[in-house]
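Chemist: This is the structure, below, for whatever I ask next.
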Amino acid sequence: MPTRRHPSPATARLLAGLWLLACTAPTPAGDFAVAPIRLDLDPATRSAAVTVTNNGRATLDLALTLKAWSQDEAGGDRYEPSDALIYFPRVVSLAPAARQVVRVGLRQPPGAVERSYRLYLEEVTPPARNGGARVSLAIRFGVPVFVAPAAPAPAATLETGQTPSGDLLVHVRNTGNVHLRLEEVVFEGAGLEQRLPGWYLLPGRGRDYRLALSSGQCAELDQVRVTVRSDALTLEDRIPVDRSLCGP
C-alpha cells in the first residue's frame, strides 16, 4: 500500500492561510454618487435635498444617519448621534442606475451661532453566504450640513511665534459665528515655501499649524511670512526667526 504523505508544518500553515484568504477576500463595494456634497440651511432656506445615484451593477442598499459635528479645543472633529434635523428616507435601496432624492429640513429655527452636522450615507452589505467569513469594503460618505444664523459674521485671529525647539507655530482661531474652510497655511521666506493643507474650523475653535526648520533654513532666515487662506477671509503675519533656537 502506498505511503500517504502529510504536508510539512510550513506547508500546512501556507495552505491554511490561502484557505482563510479565499474565505475572507474583500467583496466588491457599491459605487454611488451624491450631489450636492454639502448642504447649507438658514432662516430663508429651511430645507434642501441631495440626490443619490447608484453607479454600480448591483442593487445598492444605504442607511442614513445624522450626527452633530463639533470640535475639541485642538480643532479635532467630534461626532455625536443627533435627531436635530428632519431627513428622509432613512433607508434607501437603489437598482443599478437608479436615483433617490433625500430631503433634509430644520426642526427648529437657526440660532445666533451656526450649527454643523454630517449626514452619513453608509452602504449596508449583505451577510456572508454559506456561513463563511467575509470582509466587506462598505462605502461611507458624510455630507456636511451647515445651519447658518440670520446674521453670519466670519472672523478669525492669528497668533504666531517660535517654539523653544525652533519650530514655527501658527494658531488660527475662529472668532466668528460661522465655520471657516481653511484652504491652506503658507510659510514663505528666503529659500522657503511650504504649504500645509487646511480643514474646516468651526465657530469658537482653534487649530495649530507647526513647521520644523532645518538648520540650513534657519541660518538663512530673518523672518517668515505666514498666510492663512480660507473661503471667507485671508490672514497674514510675519514671524521673526530666532536662530539661537534652531538645532545644529
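The values are calculated or read from the model by the stated rules, or taken from the named source; none is laboratory data. A quick note: this is a predicted structure, and the numbers were derived from the prediction, not measured. Cβ sites come from the backbone with ideal geometry, for glycine too, and all protein chains shown count toward neighbours.
Chemist: Looking only at strands (runs of 3 or more DSSP E) that lie completely in the stretch 152-248, which have at least 2 residues being at pLDDT 95 or above and buried (at least 17 other Cβ atoms within 10 Å of the Cβ)?
Modeler: Hits in the stretch 152-248: 156-162, 168-174, 180-189, 206-211, 223-230, 234-240.
Chemist: Here's a follow-up. For the stretch 55-114, which residues satisfy the criterion of being under 17 Å from THR45 (Cα atoms), assigned to a strand (DSSP E or B) and either free of Cβ contacts under 8 Å to residues at least 12 places away in the same chain or among the small types (Gly, Ala, Ser) (or both)?
Modeler: Result: GLY105, single match.
Chemist: Among the residues of the stretch 207-230, is there at least one that is farther than 22 Å from ASP167 by Cβ and not assigned by the TED database to the domain that holds PRO110?
Modeler: Within the stretch 207-230, one or more residues are farther than 22 Å from ASP167 by Cβ and not assigned by the TED database to the domain that holds PRO110.
Chemist: Considering each of ARG243, ARG210, ARG225, ARG195 in turn, give the residue that is closer than 30 Å to ARG38 by Cα, touching a residue at least 24 places away in the same chain (Cβ under 8 Å) and not β-branched (Val, Ile, Thr). Show your work before the answer.
Modeler: On the way: ARG243 fails: closer than 30 Å to ARG38 by Cα; ARG225 fails: closer than 30 Å to ARG38 by Cα; ARG195 fails: touching a residue at least 24 places away in the same chain (Cβ under 8 Å).
The match here is ARG210.
Chemist: Every residue in the stretch 35-55 that is over 24 Å from GLY111 (Cα atoms) and either modelled with pLDDT under 95 or of a type in the set (S, T, N, Q) (or both), please.
Modeler: Matches in the stretch 35-55: THR51, THR53, ASN54, ASN55.
Chemist: All but one of (1) over 23 Å from ASP31 (Cβ atoms); (2) modelled with pLDDT under 95 hold for ALA58, so report the exception by its number.
Modeler: Among (1) over 23 Å from ASP31 (Cβ atoms); (2) modelled with pLDDT under 95, ALA58 violates only (1).
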